[in-house]
Structure formats: structure tokens, C-alpha cells
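The values are calculated or read from the model by the stated rules, or taken from the named source; none is laboratory data. It should be emphasised that the depicted structure is a prediction, and the values quoted were computed from it without experimental measurement. We place every Cβ from the backbone using ideal geometry, glycine too, and count neighbours over all the protein chains shown. Each accessible area value is taken on the protein alone, full model and side chains, heavy atoms only, with ligands, DNA and RNA left out. Shrake-Rupley method; radii C 1.70, N 1.55, O 1.52, S 1.80 Å.
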Amino acid sequence: MTVRLLIIAGYLLALLALGLLARRGTPPTHEGFFLANRTIGPILMFLTMAATNFSAFTVFGFSGAGYRIGYAYYPIMAFGTGFMALTFILIGVPVWQAAKKLGAVTPPELIRLRFNNAPLHAVYLVVMVVFTLPYLAIQPMGAGYALKGLLDIPYVWGATVVTAVGVGYVLLGGMKADVWTDALQGVVMLVVMLAVLLGIAAALGGFASANRHVLERFPDLFSRPGGGNALPMSIWFSYMALWFLCDPMFPQLFQRFLAARDARSLRVTAALYPLATGGLFFIPVAVGVMGRLILPDLAGNQTDQVLPMVVARLLPPWLGAVAMAGGLAALMSTMDSQLLTLSSMVVRDGATLARTSPVSNRRSRVVVVLLAAVGLVLALRPWAPILEIATEAFTGLAVLFPVTLAAVYWRKASAGAGLASILVGEALVVL
Amino acid sequence: MIPVAVVTTLVLVVGSLIAPARGLEPLARTTARGWRWAAFFALLFLLGNDFWAWRQATPLWSGLPFWLWYYVALILLLFGLVVLLIRPRRQSGEPPPSSNSRSRKAT
């Protein structure tokens, strides 16, 4: 237990130290705090985009889905999300150019400048905030599950500690701290998840052998539509399209378009992204599938805990702790970005809509703390499995895609029609 | 999801055609090259819906069903296409980058 605790504590302290380092040289402007002064080059952009997008949903949600649905879940995530990276070129590059020219810091701000329309600005803002909050809540949920499985500490404490550390380094260094810690977290996530897969496969007698045994007992985990008939053709096609429509509408990813140093940073990220999704997404799904062999009776929300449970059961304590550091890396790198982006929108777009001056970075930091508290409160009582919560949030954000694409390329696109399309779309999502 | 996306897009398109925006500029312009690439990627997206391999669980290769390896190949193809898309383009008649840089050094 002591070794596990030390590894997790050391990892969290390292993140705080990076935040402290990033604090130096961060200009006291909104562009400095929220966009790292638009200086993120190709490698850091790739790492921060990947780490930001790969969340608790990726590690815990995917392994839970692998457990329930099987390998059918891999292509809709790996290929679907890899395909989504085309939007870094399709939307990201023009948005970066325009935001730099116009001085926009947040996605809704750019929409306002493009359409010159306050109601559309307000609705775009509200949708981004409202549908990101449940997704934000998933991160402390994942932290609670991870630390409960690994250290046997209460769910609430695990969620609270990890949220506090994430808030800590965001407050220290803003986007710069966010990107630096993302880079560390991205590398940790990749290396650790690979070690976990190899360790679990070895403990089960080899990867191919373990899978043959799963196939004998649970054949539906190896074919479509997957376990529980979860992915019929229509749902499959919807999921494939969903990531292309919703991922670039995640405000935390959209805002990274604005933080790029140049167009090349986004283009290189788009090229590398399918390799990252293809490699990394396989691991939690495979762990979930193989987890059926040793934990065949999990149900409902419990399935989201299959990865920490399998790790605790099969791996030595120190490797289990390292593995959970990888899981924490995934969720913290998303949570910090969500907090920073939501804070920037509340502060800047809220001020524009209220016709007051934007508040200082000091007050922006207070907003970060308040938003983290909201996410934590939502996470205290998980109301559904991670996959279900995430899918609802993603669909709500995907409604913004047509307006955003039209803002980039279509001269005739009008603010009134954009407003109507968002309102109708969200009504359909809610109903 | 698909019905929501279709309705949302229809409302935007029909509304904008009935009462188009005036005096506003888009952030970027489409090009013929962009449309050609869009066609390539649309085809790749359709290949990502392999309904002909539905309900197949075997044969396995290295413990994984064949249809999963098909997706590994598609992901590599996607990577290759994006690399081709983003490579720097030379204008016709322009010398290759290496000889260009040498000539700059010479001058």
C-alpha cells in the first residue's frame, strides 16, 4: 500500500511542479493565460490535443465498453476519432488564422465576430458550457473509481484530491501549464497503458491464448453488433459520424486551434492523430475484453471499474500504481483543459454579453475553482455509466458542427438560421 | 444522432437560402483541390462501415478477428492520405526544396 501511495503522490506532485515552472514567463493577459500566447508548436500541439481528448472515458469508459460490448467498440472509436482529425485541417487551420487576426480567445467569441450576432453568441456559449459540464464530471468520477480500486480510499476522497491537483496547476500556469502537463501525461498514458496490456496478457497466459479463451466463453465480444446487441448497423454508422461532428466542438479542443503557433502545428497533429487513436484506444478495450475471463459477473456502472479491478488482481502492486497513474493522466489532462476553457468562456463571453469589461486573470482563477466544484458535485453521485453520460454530452455538442462549418466556408450562412438550427437540434437531443 | 445532424443541417441550409446573410465574409474559401480530397476521404469513411463482415467472429489472427485487422489497415491508410494532403506543394517549374536551399546559399 505504501509503495502505491508513494507512486501516486509522486506523480501528482510532479504535475504541480510542472505547473509551478510554467508560471514563469506567462504574460498576465488573457491570451497569455488562456492560449499560452498562441505559441504551441507541432509536437506539443499533438501531445496536448491527444491528451486532452483522451479522457477518463478513454481509459475507464472504453474498458467498460470492451467488457460489455467487446472488440466491436474499437473501430468506432479508433477509426472514428482518427478520422475526426481531418477537422484539424478543415476547421482548425482557418479558425486559427481568423482568431489570430481578430484577437479571439474563445470559440463563442469567434462565432460572434464572424456573424456579428449576440443571440447566436449567447446560445453557442450556453450549449458549450451546459454539455461540457457532464463531460467534466466524468473526470473526477474516473479518479474516484481509480483510487478506490487501487488504494481502497473512499470514492469521494479520490475524486476530490485529483480535482484539487488539476485545479492547482491550472491556477499556477494557465494554458502553458496545461500543455506542459498534457505532454507529460500523454507520454505517461501511452507507456503505462502498453505496460498494463503486456502485463495482463502475460498473467493470463499470453494475449492470443487469453483471447481464444474469451472467444470460447463469450463469442459475441468478437463480432458485431457486439455484446448485448449494442451496436446494430444504424448505431454503428451514427457513432462513426459522431466523433467527426462532435470532437472539434469540444470547447477544450476548439480552443487549442486558437493556441497554435502556426498552421503547420495543426496539420502535423492531424497526420499523427490516427496513429495515436489506433494504438492507444486498442489497449483499454482489450483489457476490458480479457477482464471477462477473471471478473465475469460485473454489471452496470461496475463495468467502468474493470480496468482498476483487473490491474489490482493481476499486476504487482507497484505496476498497479503506475497503471493508475496512466489512468489519472488521461482524465486529468482532459479535466484541466475543460476547466481552463470553460473559465475563459465564462469570463470573456460572459463579459461581452453583459457588456462589461472582461475580468482579470485573478478572477478567472476563481471561476476555475467554482467550475471544478460544480464538476465534483456532479460526480458525487454518478447517474449512469461513463459511456452513457459521455454520449449524451457529445450529441449535444455535435449540434454546433453545422453552424461552425458554415461559419468557416459558407458566405450565405445567416445568424438567424444558425440560431434556429442549434435550438431545433438541442430540442431534439433533449427530447 | 444522424437524424439530429440531418435536421440541424437542413434548418441551417434552408434558413440561410431563404434569408441569406449579407455583408459577412466566411473565414475561408473552398478550392477544387479541397473538394477532390473530400471525395477521397468520404470514400474512406464509407469503407469504415464494413457491414459485409457483420456477425463474423472468426478466423482469428494473433488472437484478434480478421475484421479488426481490416480497421488497423484503414487507420494506416488514413495516416498516409493525411500525410499526402499536408505535404508542401511546389508550383510547376519550381525547383525541389533541396536544390532551392543550395542555390540560396550560393547567392
message: Going residue by residue through the stretch A:408-426, is there one that turns out to be under 24 Å from the mean Cα position of the chain (by Cα) and open to solvent by 10 Å² or more (accessible area, probe 1.4 Å)?
response: yes
- prompt: Restricted to the stretch A:350-379, and to residues that are charged (D, E, K, R) and more than 15 Å from A:Arg112 (Cβ to Cβ), which residue is most open to solvent (accessible area, probe 1.4 Å)?
  reply: A:Arg362
- prompt: Of all residues in the stretch A:215-269 being farther than 17 Å from B:Pro65 by Cβ, open to solvent by less than 20 Å² (accessible area, probe 1.4 Å) and not in a helix (DSSP H, G or I), which is farthest from the other protein chains (Cβ to nearest Cβ)?
  reply: A:Phe250
Residues satisfying the stated conditions in the stretch B:52-84, i.e. within 21 Å of A:Ser209 (Cβ to Cβ), more than 8 Å from every other protein chain (Cβ to nearest Cβ) and outside any loop (DSSP other than H, G, I, E, B): B:Trp61, B:Phe66, B:Trp69
query: Would you say A:Leu387 is under 21 Å from A:Leu280 (Cβ atoms) and surrounded by fewer than 22 Cβ atoms within 10 Å (Cβ to Cβ)?
result: yes
- line: Within the stretch A:266-286, restricting to residues that are of a type in the set (Gly, Ala, Ser) and in contact with a Phe, Trp or Tyr (Cβ under 8 Å, 6 or more places away or on another chain), the one that is nearest to A:Asn53 (Cα to Cα) is A:Ala276
message: Go through (1) in contact with a Gly (Cβ under 8 Å, 6 or more places away or on another chain); (2) under 30 Å from A:Ala208 (Cα atoms) for A:Pro296 and report which single condition fails.
response: (1)
task: Could you tell me which residue of the stretch A:390-403 is nearest to the chain's Cα centre (by Cα), considering only residues that are of a type in the set (Val, Ile, Thr) and crowded, with 21+ Cβ neighbours inside 10 Å?
output: A:Thr395
message: Yes or no: the stretch B:11-29 includes at least one residue that is of a type outside the set (Val, Ile, Thr), surrounded by 13 or more Cβ atoms within 10 Å (Cβ to Cβ), assigned to a helix (DSSP H, G or I) and touching an Asp or Glu at 6+ places or on another chain (Cβ under 8 Å).
response: no
statement: In the stretch B:30-51, residues that are open to solvent by 60 Å² or more (accessible area, probe 1.4 Å) and facing another protein chain (nearest Cβ under 7 Å) total 2
query: Out of (1) open to solvent by less than 20 Å² (accessible area, probe 1.4 Å); (2) closer than 21 Å to A:Pro284 by Cα; (3) of a type in the set (A, V, I, L, M, F, W, C), what's the single condition that is false for A:Leu47?
result: (1)
